[in-house]
Amino acid sequence: MKQIKFLTPAIFLILTFSSCTKLNEDLYSDLAADRARAEIVSKVNFTALLDQVYRDMDNPFPGYDQAFGLQEMSSDEMVVPSRPSGWDNNGIFREMHQHTWTQDNSLIKSVWLNLNRGVFDASNILEFKPPANVAAEARFLRAYFMYEIVDLFNQLPFREVGFNLLEKPKVIKGKEAIDFVISEVEAVMKDLPATAPDWKASKNAANGFLTRLYLNRGVYADPGNPTFASTDLDKVIQHADAITGKQLNFYWDNFGPNNGQISKEIVFSVEAIGGTRAHGLQFQWYATLPGEIKLSASGGGWNGLCTLKEFYNKYETNDIRRYYESPITKPVYGYNVGFLVGQQYDQNGQPIPNVNLTPEVPTIIGATLYNGIRPLKYIPDLGPNINRPDNDWILIRWADVLLMKAEALLRKGDEPAARAIVNQIRTSRNVAAFGTLNLDNLLDERGRETYWEGMRRRDLIRFKKFNQPWELKPASQPYRNVFPIPREDVLANPNLTQNPGYPGAR
């Protein structure tokens, strides 16, 4: 009988979760391979392995310098100009906004690495033939990481269960890749729980995810020329309607430190536990606010991220999404949430010297300390939790699902039904109903509702607006709809090819 001569990657990882001394002794003797695997699988802590995959979401999704940054900095919602306080960083942030990035951009490299790590860790669980419910959860999470890779890079390195690390992963691209992701989510739907915490895989999360997948399915065959098959649009509506127990609520209940407890809109999120488990959201606050605007008694932020006047001007004055005097921030440090613009005041109503945030960012190199409107989408968890806040990071939200359903209806030609959905959202946000709905004002409404939630790049591509000029950005070429694969990964894996338009593409 064949004897063990080496440990597979999965077995090696499991040993880190096992304290079985006898098993270790046997592994280093001549224990038969089939018996060794059976013993190891019997000791697997699937809860710990799944928790690792959930923790893999902490880095790439909320972080300003991760997938969130690629989705937002490359859009008309965010710019990070070079300032006297810094933020040049060899141009990596400016490249995002101006669509001049290269395959050596460190943000792109980091996102590629972290997303692929999530795929690897989820695949590892499947090595051990887990129970159906565990396998469904792992495959759902893996599909979520895979989708983000496809969305950003339009190709997906992938190893089947039982992979040999000595072999390079195969690569699937475009329509084949998105269809594989869809098939994975559909396959596990039956084994996901009907009810679960919002940060856990569930039937609601899968239906929300499939709503997004089918709406964007026609993008990936040709990102410069999206198509929308009627059957895909029907699937969008079907999966949106399959979500249960969700409703619109007060907008800011979705983004406060206790959003996981009070929001009725969260469909799927990344969990935080105040003071214990964080996921990178706090770095957005630090990266956005000037130092004079307090996040704690010891000081404020690093004064970098801001939004553009053109985007801010899409809001009506009374829109609750634009301005809200939060009872968390206003009495303690004096600032509202939504967008901070103009003279800023402390909690006593006194002007903070010099901190007059101008709507204009006149230049992307050499901006002043106070150029730029500062968005605060998530309400800071002020106090001892500021560096490990309790705000769950939202990946799928009911209002977004409704807007996706409205878009599907509009693209199918049912403007009245689509408009009714959009007006339901607008009314709840304290703005007047639309008299007519078209793709342009629907895109604007998506921007107003989901700004700084990591949606904007994807939306602009789907609406064929991503390559248009906007503030501090000239028109860009369609190949910029997809990011380049990091140079070293293309060299390491012959199955990867550089995306068209970038040096080294074939």
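All of the numbers you see were taken from the coordinates with simple rules; none came from a lab. Because the structure is predicted, anything quoted here is derived from the model rather than measured. Note: ideal-geometry Cβ built from the backbone for every residue, glycine included; neighbour counts use all protein chains shown.
The alpha carbon centroids of region 165-190 and region 194-245 are separated by 16 Å. Computed over neighbours whose Cβ is under 15 Å from that of Pro193, the net charge equals +1, Lys and Arg +1, Asp and Glu -1.
Helix 46-56 and the longest principal axis of the Cα set of the chain meet at an angle near 40°. Working note: Karplus 6.51/-1.76/1.60 with θ = phi - 60° gives region 376-393 the couplings 10, 7, 9, 6, x, 8, 5, x, x, 8, 4, 8, 9, x, 8, 5, 6, 8 Hz, where Gly and Pro are set to x. Taking amide H positions as modeled 1.01 Å from N, with prolines and chain starts lacking one, the residues under 5 Å from Gly300 and 5 or more places away or on another chain are Leu295.
Calculated translational diffusion coefficient of region 222-271 (37 °C, 0.692 mPa s; Stokes-Einstein with Kirkwood radius over alpha-carbon pairs) equals 244 µm²/s.
A crude spin-label estimate for the pair Leu439 and Lys129, with each label 7 Å from Cα along the Cβ direction, gives 5.0 nm. Highest average first, the peptides 489-495, 208-214 ordered by how many other beta carbon atoms sit within 10 Å of their residues are 208-214, 489-495.
In the chain, Cα pairs under 8 Å separated by at least six residues give a relative contact order of 18 percent.
Ranked from highest to lowest mean number of other Cβ atoms within 10 Å per residue, what is the order of the peptides 81-90, 248-257?
So the order, starting with the most tightly packed, is 248-257, 81-90.
Taking 25 °C and 0.890 mPa s as conditions, region 374-455 diffuses translationally at an estimated 173 µm²/s according to Stokes-Einstein applied to its Kirkwood radius (Cα pairs).
Where does the chain land on Rg(C-alpha)/(2.2 N^0.38 Å)? Could the numbers behind the result be given before it?
Details: Rg = 23.5 Å, N = 506, 2.2 N^0.38 = 23.4 Å.
Ratio of Cα Rg to 2.2 N^0.38 Å: 1.00.
To the nearest ten degrees, helix 398-411 and the longest principal axis of the Cα atoms of the chain are 80 degrees apart.
Computed over every Cα-Cα pair of region 276-376 and binned at 10 Å starting from 0, the pair-distance distribution P(r) comes out as 15, 48, 31, 5, 0 percent. Panel note: the C-alpha atoms of region 198-254, placed on their principal axes, show extents of 37, 23, 19 Å (largest first). In summary, the lysines within cross-link reach of Lys412, defined as a Cα separation below 27 angstrom excluding same-chain residues under 8 places away, comprise Lys175, Lys203, Lys235, Lys246, Lys314, Lys464, Lys465. Between the Cα long axis of helix 174-188 and the first principal axis of the chain there is an angle of about 70°, rounded to the nearest 10. Within the same chain, lysines fewer than 8 places from Lys294 are excluded, and of the rest, those with a Cα less than 22 Å from its Cα are Lys330, Lys377.
Computed about its Cα centre, the charge dipole of the chain is approximately 440 debye, with only Lys, Arg, Asp and Glu carrying charge at their Cβ.
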